[in-house]
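S.K.: Pasting in a structure now, in structure tokens, and then I'll have a few things to ask.
Derivation of every value follows stated rules applied to the coordinates shown; laboratory data play no part. Because the structure is predicted, anything quoted here is derived from the model rather than measured. Ideal geometry is used to build each Cβ from the backbone, glycine not excepted, and the neighbour counts take in all protein chains shown.
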Amino acid sequence: MSESRPLRFGYLAGAAALLAVALLPPLSTLAHGILFSAHMLQHLLLLLGVPAFALLGFPPTSARRSISPVLGWAAGAAGMWVWHVPLFCNAAVRSAGIQSLQTVSLLGFGALFWWPLIGAGSERRLAPLAGVTYLFAGCVSCTLQGILLTFSPVEICSAFLNPADPGPVLPWLSSHWGFTPAADQQIGGLIMWVPACLVYLGAIMAQFVRWYGSAGARALS
Amino acid sequence: MSTGSRRAWLMTVDHKRIGILYILTALVFFLVGGLEALALRIQLVKPGNHFLSPQAFNELFTMHGTTMIFLVAMPALIGFGNYLLPLMIGARDMAFPRLNALGYWMLPCGGFLLYFSFLAGGAPSVGWFSYAPLSEAAYSSNTGVDYWTIAILLLGAGSVAGAVNLITTTLTLRAPGMTLRQVPLFVWMMFITSILIILAIPALNADVVLLMLDRLLRAHFFVATGGGSALLWQHFFWAFGHPEVYILALPAFGMISEVIPVFARKPIFGYEFVAASTVAIALLSLGVWAHHMFAVGLGRPSDLFFAASSFLIAVPTGVKIFNWTATLWGGSIRLRTPLLFAVAFLIQFTVGGLSGITFAMVPMDWQLTDTYYLVAHMHYVMFGGTLFGLFAGVYYWFPKMTGRKLNEGAGRWHFWLTVIGFNLTFFVQHFLGLMGMPRRVYTYPDLPYWGAFNAISTVGAFILGLSVVVLLVNIWVSLRRGEIAGDNPWDAWTLEWATTSPPPEHNFRAVPPVRSRRPLWDLAHPQNCDPVLSPAVTVAPRIKPPALTGTATFIVSEAMFFLMLLIAFVFYNVSSHGGQYAATALNAGRSAIFTIALLASSGTLWLGERALDRGRQGAFRLWIAVTLALGVVFLVGQGGEYLDLLHKGVVINSSLFASTFFTVTGFHGLHVAVGLIALLVLAIQAWAGDFRKGRTDGVHAVSLYWHFVDAVWIAVFILIYLIGPHL
């Protein structure tokens, strides 16, 4: 949530752009049963990217209520874990209806996760150091799942194993780079483990900016 | 400090004396580890040398590494933290003085056990990271590794105790007006280091526990023949080992951040950037351990991701280097010994950082890992960085600790000998590594330049040895005849300089007002104060109960330990490893009954707490008795389950399922037993009427721990009994 109008429109444009990247081809095509790693990228854009930028673009008010951080954190973790239970993951690939449900639920989970940090009115947000703890715990949950996916010998989402229409990308990857479904799942896990954690780390740094910024503001007044 | 006999030093709970004991112990082991290094260098001075046998060489490099990391660097840094942190935040002592003494005494015990291995049939000879399966009983059949594991566990427990204390002290005992945004950077960095310690050491502890079970009870965690995996040792070890690099570096960063501003006569440039980048380094360090394992074949995807994330660590570290340099820029520099060491630190640590980036490149890593290039790299970080930072700290704070300054002329001799000796020893090792000389091999063939470079390195090592002698003489002489320091010999700005040198046992007669980051500057320049950062209205300080903060911190560390054990359970049970499985061996229905007893005990304890807070002593005694009974029911139930499994022939080494099951539930049961003892103590106190005056912090702390133990069981029950059979 920002004071300046142009910046807010910038954030909203960013949210729209990320949403477009996530839901339009080529990512949406690849994410739909061809590449697990592409699905993971889409998953994270919807869960962590779009809601954060959308909330940053909200007009500022100090009155908007917060939600319980436990609820927000649980929503964030659920968004990560629930859709990677093999049953649900496969269902989302096989049925367009469930995939839509997945998309909407990820946006919702993400909004709940970010709400205590950027959705709520500026006076009602989590205190900066509590925010750091909140985000760190989010990073731990995300890392654990990333590790599980990276090293799991079991196929988490078997629907990706034999795509009905592999398109041009997957055969090219297989023939030129020796790409395998196992490598695909590893990359999916690593996306969740490493770049996703950098999102949390970036947000933690933003908490420090807020923390030290508020001290500077007090010193000047 | 002048009062009291030598015996008082053994019994002390004063943070200053404990800090000095830590530093002196580290100094003793520094001499031992240094002599070991000299022996290694003598062996390597020429090709085909026979000064040491291969076995002695292996033992000495193992002991040198273990000693320098666990018995020198960590204790020295924790010792300085112990001495300085309470003084810098204007506190009377650490939050838990007796825990502090316990943490210290773990150190000599651990060191003694480690070195006793020499007398008990041979020291460990497997390198400081003790890779399995080399460290397994089949390949290291003497007791060296056993002593190593016990020593590491003790030292790890001591470090966690120290870290819990430092965190709690920082959070609860700061002087009025000192917010966390304005603590001295050394305090901030010790705080972040302590958080890293409580998060990272449990990974090492879990790893070492599994190794002990392998060696002593013939489990198969890391032995391929029983279905185990030596790779898990490496994962757990480096999940500790990479953060450990920063556990050793961050306090030295903190020392540099205190020394440079004072000797440049300027406030630190970009305090906020130095502080926040420390957090970024700490967090990144927890997630990049796999870059220590590029050579084991994790697969190209993993290599790529971890190469990229390892490059990133250069960013926050680079931020710091620029901040320190910018602090020096345009300052009125006083080039005294502390600053000399600090400037050398900047240069050498940057060299070590740059060679570290070369290791983040996977093909370079494959080529250079386990060569002398790596030895050079890690010594530039640990010696050129951490130890130079420590030396800067020694010269800077020696006057505070002893009341006398170290001799400046001898200090310069010490500095130049160290810089020359260090760079001679280790710079040439870059070339040896690039030429392919492997480390940890007792000798080498007479290839072009190898003999010459190794001879240079050995000469450098002896110059380093000489520099240490200069330091020791300087300390010895300055203690007796050094210039009297006065309260604030460097004209510094943080609170430790506001009291006498050495400080009295109670530290401060009165803590000066704290409103900015440089309270003593404000005191000396009332017309030209720093920006005020403290809250405008200074209310009477609210004394937070340290007991709860300390318990919560400890619980975080315990949670990490159980997390590692549960990860091991999943790892070993997710695919077919042969042997029994949870579904055939366990009776989830019966376990659910004693699970309910344990969960109910959390409720009864909560009711007891509520009764106590309302002053109903009788009800409290009743509820605590019920809680104790329910806890005993749980333990008896678990004991019954163990007996049942034993009758079925399921013992700790019969399969990986059995090994992980007994390890996880056994450690949980141990925690329940500890919780029961704590509850028993509470019950005795309650009957004696100790809680009538409302001192109930201890009750709330024990209760928090008991709830934690229950929460762990919920995770264990779900994972092992409910999910496990379907893995």
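S.K.: Just checking, how many residues over the range B:399-410 are surrounded by fewer than 24 Cβ atoms within 10 Å (Cβ to Cβ) and in a helix (DSSP H, G or I)?
M.R.: 5
S.K.: Turning to a different aspect of this structure: Give just the number: which of (1) at negative phi; (2) surrounded by fewer than 19 Cβ atoms within 10 Å (Cβ to Cβ); (3) within 14 Å of chain A (Cβ to nearest Cβ) does residue B:347 not satisfy?
M.R.: (3)
S.K.: Restricted to the range B:254-306, and to residues that are part of a loop (DSSP other than H, G, I, E, B) and away from chain A (no Cβ under 14 Å), which residue is surrounded by the most Cβ atoms within 10 Å (Cβ to Cβ)?
M.R.: The qualifying residue surrounded by the most Cβ atoms within 10 Å (Cβ to Cβ) is B:269.
S.K.: Would you check if residue A:130 is surrounded by fewer than 20 Cβ atoms within 10 Å (Cβ to Cβ), away from chain B (no Cβ under 14 Å) and under 21 Å from the mean Cα position of the chain (by Cα)?
M.R.: no
S.K.: Is it the case that the range B:242-250 has a residue that's more than 14 Å from every other protein chain (Cβ to nearest Cβ), free of Cβ contacts under 8 Å to residues at least 60 places away in the same chain and either within 30 Å of residue B:519 (Cβ to Cβ) or buried (at least 21 other Cβ atoms within 10 Å of the Cβ) (or both)? Break it down stepwise before answering.
M.R.: In the first step, residues of the range B:242-250 are kept if they are more than 14 Å from every other protein chain (Cβ to nearest Cβ); the result is B:244-250.
Checking the rest, the ones that are also free of Cβ contacts under 8 Å to residues at least 60 places away in the same chain come to B:246.
Then drop every residue that is not either within 30 Å of residue B:519 (Cβ to Cβ) or buried (at least 21 other Cβ atoms within 10 Å of the Cβ) (or both), which leaves B:246.
Yes.
S.K.: Do we have residue A:200 as farther than 16 Å from residue B:301 by Cα and facing another protein chain (nearest Cβ under 10 Å) here?
M.R.: yes
S.K.: Which residue out of A:181, A:171 is surrounded by fewer than 20 Cβ atoms within 10 Å (Cβ to Cβ), at negative phi and more than 13 Å from every other protein chain (Cβ to nearest Cβ)? Show your work before the answer.
M.R.: Values: A:181 fails: more than 13 Å from every other protein chain (Cβ to nearest Cβ).
The match here is A:171.
S.K.: Please verify whether the range B:261-270 includes one or more residues that are within 30 Å of residue A:145 (Cα to Cα) and either touching a Pro at 6+ places or on another chain (Cβ under 9 Å) or not small (Gly, Ala, Ser) (or both). Explain how you work it out, then say what you get.
M.R.: Here is the first cut: in the range B:261-270, the ones within 30 Å of residue A:145 (Cα to Cα) are none.
Looking for residues that are within 30 Å of residue A:145 (Cα to Cα) and either touching a Pro at 6+ places or on another chain (Cβ under 9 Å) or not small (Gly, Ala, Ser) (or both), one finds none in the range B:261-270, hence no.
S.K.: Residue check, residue A:123 against (1) of a type outside the set (A, V, I, L, M); (2) farther than 30 Å from residue A:206 by Cβ; (3) surrounded by fewer than 15 Cβ atoms within 10 Å (Cβ to Cβ); (4) more than 10 Å from every other protein chain (Cβ to nearest Cβ), all met but one. Which one?
M.R.: The number of the failed condition is (2).
S.K.: Could you tell me whether the range B:223-237 includes any residue that is in a helix (DSSP H, G or I), more than 14 Å from chain A (Cβ to nearest Cβ) and under 23 Å from residue B:550 (Cα atoms)?
M.R.: Within the range B:223-237, none of the residues are in a helix (DSSP H, G or I), more than 14 Å from chain A (Cβ to nearest Cβ) and under 23 Å from residue B:550 (Cα atoms).
S.K.: With the requirement that a residue be among the basic types (Lys, Arg) and in contact (Cβ under 8 Å) with a residue 40 or more places away in the chain, what does the range B:668-716 give you? Walk me through how you get there before you give the answer.
M.R.: Here is the first cut: in the range B:668-716, the ones among the basic types (Lys, Arg) are B:692-693, B:695.
Listed by number, the list holds a single entry, B:692.
S.K.: Within the range B:187-205, does at least one residue satisfy the condition of being within 14 Å of chain A (Cβ to nearest Cβ) and hydroxyl-bearing (Ser, Thr, Tyr)? I'd like the intermediate steps shown before the answer.
M.R.: Pass one, the range B:187-205, residues within 14 Å of chain A (Cβ to nearest Cβ): B:188, B:191-192, B:195-196, B:198-200, B:202-203.
Subsequent filtering for residues that are hydroxyl-bearing (Ser, Thr, Tyr) retains none.
Taking every residue of the range B:187-205 in turn, none turns out to be within 14 Å of chain A (Cβ to nearest Cβ) and hydroxyl-bearing (Ser, Thr, Tyr).
S.K.: Name every residue in the range B:151-186 that is part of a helix (DSSP H, G or I) and within 14 Å of chain A (Cβ to nearest Cβ), in order of residue number.
M.R.: Across the range B:151-186, the qualifying residues are B:167, B:170, B:171, B:180, B:181, B:182, B:185.
S.K.: Answer yes or no as to whether residue A:64 is in contact (Cβ under 8 Å) with a residue 60 or more places away in the chain, among the basic types (Lys, Arg) and more than 14 Å from every other protein chain (Cβ to nearest Cβ).
M.R.: yes
S.K.: Hey, can you tell me all the residues within the range B:131-143 that are surrounded by 24 or more Cβ atoms within 10 Å (Cβ to Cβ) and within 19 Å of residue B:64 (Cα to Cα)?
M.R.: Within the range B:131-143, B:135 is the sole residue that qualifies.
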